[in-house]
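Let me begin by presenting the structure, written as structure tokens, before commenting on it.
The values are calculated or read from the model by the stated rules, or taken from the named source; none is laboratory data. Bear in mind the structure is a predicted one, so any value in this text is a computation, not a measurement. Methodologically, a virtual Cβ is constructed for each residue, glycine included, from the backbone with ideal geometry; neighbour enumeration extends over all protein chains shown. Keep in mind that these areas ignore ligands, DNA and RNA; they rest on the heavy atoms of the full protein, side chains included. Shrake-Rupley method; radii C 1.70, N 1.55, O 1.52, S 1.80 Å.
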Amino acid sequence: MLNINLFKFCSFLRVFGYLMILLFAAIVSLTYYAVVFVTWGPLLFPSFSFLAFFILLIFHTLLVLLTWSYSMAVLKDPVPPTSGEFEEEVAVATATSSVGYCTRCQSARPPRCHHCSICQRCVLKMDHHCIWVVNCVGARNYKYFLLFLLYTFLETTLVCLALIPNFIRFFGGTNSTKTHKLSPGAFSAIFLTSILNLAFALSLLCFVVMHLSLLLSNTTSVEVHEKKKGIRWRYDLGRKKNFEQIFRAYKLQD
Ligand SMILES: [Zn+2]
Ligand SMILES: [Zn+2]
């Protein structure tokens, strides 16, 4: 019989997560090179292109927003302190379900808490342990995670569209005064960037739609399995309030 130590596997996932941060930085750098240095940057000088300026402005704005939300999702501790920061949420949850017991933490487990074997503790409104943000996605950092998904989806879609002129130029052999010849190295970078960004844009679209429906029904990815068909979800406060719960909690922290 195979003797697998699950705890060792979990700590491996944590180390693997830090490599994902490096991978994230590498993809951002490659994309920046392809979009800013190769494709649109050269169109700003010597003759100014308004389209290039507009694309670069949106690109940089989204880049700042997604890096900010990513950093917050990585750095924010998803477990709320016992100071009552999430008092209202816990009160609503306690009113509709009982407090449990976590055998791993060996302590009481408030409603809507789930034990994460990678973080080795219970996390309020745990959604999943995300290897991209090397953190649990829970009550405190769910909004940052959602914003990260949204901004990254918009940015990757913009990058896919912004790189199309390179392919037209390369395969169509256009040679106007405004364009410059692409070296094989630059074209390879553009090709790789397009494939990566297209793959991310398509998978992020699925994630954005999925998490939007979870957000509006006040459900986490873990709780989806607890839901019973035909019965109203006990934490569902209505779309508007469900939305406000995530964003209000987030506002209080800052
Ligand atoms: Zn626990
Ligand atoms: Zn975790």
* Gyration tensor verdict on the range 118-160 (Cα atoms; rounded if a/c is under 1.5, prolate if a/b is larger than b/c, oblate otherwise) -> prolate
* Farthest toward the dipole's positive end in the range 107-254, which of Asn218, Ser188, Asn135, given Cβ charges of +1 (Lys, Arg) and -1 (Asp, Glu) about the Cα centre? -> Asn218
* Asked: What is the packing order of peptides 217-223, 145-151, taking the mean over residues of other C-beta atoms within 10 Å and listing the highest first?
  -> 145-151, 217-223
* Structure fact -> By accessible area (1.4 Å), largest first, Phe48, Phe24 order as Phe48, Phe24
* Check Val222: other-chain or 5+ apart residues with amide H under 5 Å from its amide H, H built from backbone geometry? -> none
* Relative contact order %, the range 98-254, counting alpha carbon pairs below 8 Å whose residues are six or more apart -> 19 percent
* **Calculated from backbone phi, Karplus (6.51, -1.76, 1.60) coupling profile of the range 234-243 in Hz, x at Gly/Pro** => 5, 9, 6, 9, x, 3, 5, 5, 4, 5
* Quick one: which residues, 5 or more positions from Arg109 or on another chain, have an amide H under 5 Å from its amide H? H modelled 1.01 Å from N in the peptide plane, none for Pro or chain starts. => Gly100, Tyr101, Cys102
* Asked: Measuring from label point to label point, each 7 Å out along Cα→Cβ, what is the Arg14 to Ser213 span in nm?
  -> 3.5 nm
* Find how much the distance from Lys181 to Tyr33 grows on full extension, using 0.36 nm per residue of separation minus their present alpha carbon separation; answer in nm with one decimal. => 51.7 nm
* Structure fact -> Note: Asp77 to His225 extended length (0.36 nm per residue) minus current alpha-carbon separation gives 50.8 nm
* **From phi via Karplus (6.51, -1.76, 1.60), per-residue ³J(HN,Hα) for the range 37-44 in Hz, x at Gly/Pro** => 7, 8, 8, 9, x, x, 7, 8
* In whole Hz, with x marking every Gly and Pro, tabulate ³J(HN,Hα) for the range 225-231 from phi via Karplus 6.51 cos²θ - 1.76 cosθ + 1.60, θ = phi - 60°. => 6, 8, 5, 10, 4, x, 9
